[in-house]
Amino acid sequence: MTKPFWIRFVGNARVLIGLIWLALVIVGALAAPWIAPLDPFAISGQPFVRPLDGFAFGTDSLGRSVWSGLVHGARTTLLIAVIATLGAVAFGGLVGAVSGFYGGRTDNVLMRVTEFFQTIPSFIFAILLVAVLSPSATSVVIAIATVSWPPIARIVRGEVMSLRSREFVQAAVTLGEEDFVILFRQILPNALSPLIVTGSLLVATAILTESALSFLGLGAPNFMSWGFMIGAGRSFLRDAWWLVATPGIAILLTVLSINLVGEGLNDALNPRLRTP
Amino acid sequence: MRGMRLVRFILTRLLQAVPVVLGVVVLNFLLLQLAPGDAATVLAGEAGGAPAEYIEQLRARFGLDKPVLVQLGLYLKNILFLDLGFSFRNNSPVLGLILDRLWPTLLLMGATLVISVGGGVLLGVVAAIGVRTWRDHLISVAAVIAYATPLFWVGLMLILVFSIRLDWFPTSGMEDVVAFHEGWARVVDIAHHLVLPTITLSLFYLALYTRLMRATVLEQRGAEYATTARAKGLTERAITMRHVLRNALLPVVTMAGVQVGALLGGSVVVETVFAWPGLGQLAFQSLFARDFNLLLGIFFLSACLVVIVNIVVDVIYVLLDPRIRVGSST
Amino acid sequence: MTELPRAMTGPAPAGPADPVLQIRDLSVALPAWADRRLAVNAVSLTVGRGETLCVVGESGSGKSVMARSILRLLPEPHLRIVNGQVLLDGEDLALADDRRMRQIRGGRIAMVFQEPMVSLNPLMTIGRQIEEILEVHTDWGKAERRRRVVATFEDVRLPNPDFIVGAYPHELSGGQRQRVMIAMSLVLEPRLIIADEPTTALDVTTEAQVLTLLKELQQRHGTALLFITHNFGVVAEIADRVAVMRSGELVEYGAVGDVLTNPQHPYTRALIDAVPSLVPRRHPDAPAGSTAEPILTVRGLEKTYGRPSAGPAWLARLVPAIGKGGRGAVKAVDHVDLDIMRGSAVALVGESGSGKSTLARCLIGLEAADAGSALIAGDQIVGLSRSGWRPLRSRIQMVFQDPFASLNPRTRVGDIIARGAVLQGETPAAAMAQAHDLLKLVGLEAKAAERFPHEFSGGQRQRIGIARALAVKPDILIADEPVSALDVSVQKQVLDLLDDLRRRLGLTMLFITHDLRVAAHVCEQIVVLKGGRIVEQGSTAAIFADPQHEYTRMLLASVPGRDWQSRGRNDPVDRVT
């Protein structure tokens, strides 16, 4: 029960498996030019080469290396997902903190806006945003961040609100502490763990959104990504199933790993709230 | 008495929905402003060669020579009269195009909601009752995996296995058009086409509700009122069925309401994969035709749809939970 | 075998003639990660027909675990019975199968829990929840079941039984809900009722009513009653015999008269001595600096809250349409006039909802009063902005209720205490030196400054909270229920510390409490609040001797065990004549 955080966290088998896969993906993404020197967009061989037949993962309809696509795709997907999540966490965190801290009318207005963004069909909105801004890495990041911040805002608001009424914060008020000092020194450090957990789980959602967008052809052009590979391979499903299967499995494993790690973080940060 | 108050509650909720709908309209307008070029060229479709007089007509309609606020007013007025404009690419009014595609989407969404909420509640309860048994482990592991799977990929894999390899289900479409089925045969045909898209769209939400239901049932079984029921001499089964289940349903109902918008987004992807002739596929097509007017219309109407479903969910919630006072007691 | 506690080595207390429940050598194991191995360690008890046995103990004593293990309601597998027998009319419940156990639960043994609101299913009508017992244990028809439920409601004197049958838990008051729980336990006339702190969540006047009701019903039906409590007042009120538990072990067991007046075990003696007397202390030497000059003058203070939302807050957040009523309002503070003299100690007394905490929060600037005026040493505080308040912060400070919520878990104790002085312009080094002195002043070691709050017990944290408040050298100290979250033995220490500090530092103290014993122990003045209004104020001695307002009389009459100390106990403190 009083085991240190790291032991509790890594000692969980699911977390360990997740961490190992994530480490592989991240290392692969960083080392892409060395471990997959072939340009993912270049024609490198015959089309529709089966896996293990000269190419580890085969080639696609144009003879491009699937392995190169997977490795370079990891780069794109991870980068976009992480940046979009950081944006969503920053914006949602700000909205939530202000809303929860000041309460009253500020809170009312901000929460109405948050509810609004939660109500509208977010994926359709993301499609619209990318379409209107014209597809690029930036517009994909903006679109994902724009549809992902509301849950962060809600969680941070809830935390800040409950901490705001906690007695140690009131004690700081009665000592005459400034608002921003209270917010940053008393409240936010104590609201950090739910923020970290939600943020990490949000990366998984962002990966799913990014791959769905690029599957529909709305991804960043000139960047190979897993969703794009599935979209490009779907027409050849009958004859070259591996073009669709392998990037899909990559997405599945990565999202799964992030979820496992995120939940492990949650259990390790809130040992008492663990469900059996 | 309660019925009257319920009606008043629904009316209040409808009233509260007005700002949301207006918000979507304003958002649409802002998106038009964001797009490169003026609204007329955007709406006419950048890629297509719309006739110059059509573009002029659009300019007049949107008052593009007038200040932005007047433009917004005109835009609002048009939409509030359900005048969503004309799709030049499809050569017909946007509203008609959308309404034609509405019911396949509703069918897909309805089937998905039933499967995912119903199945999720069932599986969640089964897992919670047998917590830490093989049933729980099987359900939990399956849920964790399904929760991480991209929808469109599941769809393609299902097509690969069940349509291409096994040939059990059709690969695409909503019905066999050349067969000219009628009556019952047509219903069966549509149901046959519905199976794979519904499974695809349901999988993620099934996993979501299963996990939520399992967690809340476990939590509620540890609640004090469950101990009271135990102290009354009830069997564990009776405690779960009579006391825990209804309490555990509340968060699931709330979540189902929150997820309606996402569900609609998911249907875009699924309809594209299965060529299901609904709103999602229409959205995909208009995207490639760069038919923004149609896309904005779809966004507007799907937001309205979400608002309506949310009100239905709120009503269900109120019926389940007596603590919520419906309307104001005077 | 464990050694018998000292108090029990003498002749065993005469058991009841007609035992209903016999517990022999009962041990319950805690999970491996707990700080001790057994929650209940070889406890033996007997409850007779028509008898009330009170099991007393502080938090962590294992009294609730013991009570729940009788009906095997423990959260297995974390807690499990490892040894002992539980005999109901001679039948060993430890050997009973699940089916037999279910027949006993509700039928032969019933339980009443602490918090009626969470012990009832919020989504089921009260009538259905009670009828359910009859469905499980009898083959009566619907009409017959309904008749019995209504009759039982009349028995526990619930008003309008026909309404309550169809009502949901949230539609009743706290006292009514606990009556419902008692009705639920009585409906099948069980042999034994186990009541686990059934009045702890209730206001004192409601508590008195519920205790009277329990006693009366028990006598009428001849039921055996096993009553778990931490409150010796309650013991004095209803017990026939008493069992005192500490750390899972039984330390003392005997007739109520013997245990209360002549406790054998030092722990029992310490616990009983720690209960503040209801007889007000005479305060012979007026503390230094006490004058007739008012330091706090309140006139016509008002605070109104909007109508609270229906349903719990998390619900309102999830379903936005809920609880946005807005109409109707609660006057939490209703035209309060109050003068506090420098150097005095004044108790603000009232039940929940009396407005005592809101009044204090208005005085310290945590809430903005709607109207009226409040002067601290001549300076107006009503209507002050946050920055306007800042120079006045050193005049008035607060000690909070919950020692586990009142210290930032991520800040070192030294920084927590020093911060106030730093904000008043002290250098960090000087403030830290002062914090070390303050820690010593409140009875902790100076090196506690280096540690984090979670390393301290509840009582120690409350001392840290006091040191934090004192760091800005306030004139007035508001203590908001500072001991109500603490165990009895720790309560006394903290109260004595506050009393001592107040005299040594010449503090003016405003003491918010629901507990008249606490008020009598530390305050020479008392202000009684009800529904946001002051109903009576004056010297504690005078009001306790001759309360003028009917509500004050009722409050005083409701204190459990009020006669016990004023009659039987040798109080070291002077009696008021």
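Descriptive notes on the structure:
- Computed from Cα atoms alone, the Kirkwood hydrodynamic radius reported for the protein assembly as shown is 34.3 Å.
- Counting only alpha carbon atoms, the long axis of helix A:242-269 and the longest principal axis of chain A meet at about 20°.
- Share of Cα-Cα pairs in region B:246-330 lying beyond 17 Å, as whole percent: 58
- Accessible area of the protein assembly as shown belonging to carbon and sulfur atoms, whole % at 1.4 Å probe: 60
- Excluding exposed DSSP-loop chymotrypsin sites (Phe, Trp or Tyr not before Pro) (at most 13 other C-beta within 10 Å), longest clean stretch of chain B: B:181-330
- Share of pairwise Cα separations in region C:89-241, more than 18 Å, in percent: 58
- A viscosity of 1.567 mPa s and a temperature of 4 °C, combined with the Kirkwood radius over C-alpha pairs in the Stokes-Einstein formula, give region C:158-291 a diffusion coefficient of 74 µm²/s.
- Kirkwood hydrodynamic radius of region C:26-121, from inverse mean 1/r over distinct Cα pairs, in Å: 14.6
- A:ILE187 sits among other residues whose Cβ lies under 9 Å from its own Cβ, and their net charge, with Lys and Arg +1 and Asp and Glu -1, is +2.
- Neighbourhood charge, 14 Å Cβ-Cβ cut-off, centred on C:LYS63 and excluding it, Lys, Arg +1 and Asp, Glu -1: -4
- Ellipticity estimate at 222 nm from DSSP helix runs (n ≥ 4, -39,500 (n - 2.57)) divided over chain A, nearest 500: -23500 deg cm²/dmol
- Computed over chain C: relative contact order in percent, which uses C-alpha pairs under 8 Å that are six or more apart: 16
- Selection of GluC sites (Glu not before Pro), region C:371-471, meeting DSSP coil and at most 16 other Cβ within 10 Å: C:GLU445
- Each helix, a run of at least 4 DSSP H residues, gives -39500 (n - 2.57); summed and divided by the residues of chain C, these come to -10000 deg cm²/dmol at 222 nm.
- Mean accessible surface per residue for region A:111-202, computed with a 1.4 Å probe while every protein chain stays in place, in Å²: 31
- Over region C:502-542, volume per residue of the alpha carbon convex hull, in Å³: 79
- Amide H contacts for C:PHE511 (H built 1.01 Å from N in the peptide plane; partners 5 or more residues away or on another chain; cut-off under 5 Å): C:VAL346, C:ALA347, C:LEU348, C:ALA479.
- Solvent-accessible area lost on pairing A with B (1.4 Å probe, both sides summed) amounts to about 4100 Å².
- Gyration tensor over the Cα atoms of region C:208-256: the corresponding equivalent ellipsoid has semi-axes (square roots of 5 times the eigenvalues, largest first) of 22, 12, 9 Å.
- Short to long, the 20 Å bins of the Cα pair-distance histogram for chain B hold 25, 49, 23, 3, 0 percent of all pairs.
- Summing charges over all other residues whose Cβ lies under 15 Å from the Cβ of B:ARG242, with Lys and Arg as +1 and Asp and Glu as -1, gives +3.
- In angstrom, the C-alpha Rg and Dmax of chain A are 21.9, 75.
- For chain C, taking the reciprocal of the average inverse distance between every pair of different Cα atoms yields a Kirkwood hydrodynamic radius of 26.1 Å.
- Acute angle (nearest 10 degrees) that the helix A:66-102 long axis makes with the longest principal axis of chain A, alpha-carbon atoms: 10
- Rounded to 10°, Cα long-axis angle of helix C:488-505 versus longest principal axis of chain C: 10
- Shown here are the Rg and Dmax of the Cα trace of region B:123-250, at 20.1, 65 Å.
- With N as its number of residues, region A:131-243 has a Cα radius of gyration that, divided by 2.2 N^0.38 Å, comes to 1.61.
- Principal semi-axes in Å for region B:154-212 [√(5λ), Cα gyration tensor, largest first]: 25, 15, 7
- Size descriptors for region A:188-276, from the alpha-carbon set: Rg then Dmax equal 17.0, 55 Å.
- Whole-Hz Karplus values for region B:75-81 come out as 4, 4, 4, 4, 6, 5, 8 Hz, taken residue by residue from phi with 6.51 cos²θ - 1.76 cosθ + 1.60 and θ = phi - 60°; glycine and proline positions read x.
- Computed on region C:354-435, the Cα convex hull volume stands at 119 Å³ per residue.
- Percent of Cα pairs exceeding the 11 Å cut-off, where the set is region C:109-152: 70
- Over 29 Å between alpha carbons, listed pairs C:LYS63/C:LYS331; B:LYS232/C:LYS63; C:LYS331/C:LYS473; C:LYS356/C:LYS447: C:LYS63/C:LYS331; C:LYS331/C:LYS473; C:LYS356/C:LYS447
The values are calculated or read from the model by the stated rules, or taken from the named source; none is laboratory data. Since the structure is predicted, the reported quantities are computational estimates derived from the model, not experimental observations. Note that each Cβ is placed from the backbone with ideal geometry, even for glycine, and that neighbours are counted across all protein chains shown. Each accessible area value is taken on the protein alone, full model and side chains, heavy atoms only, with ligands, DNA and RNA left out. Shrake-Rupley method; radii C 1.70, N 1.55, O 1.52, S 1.80 Å.
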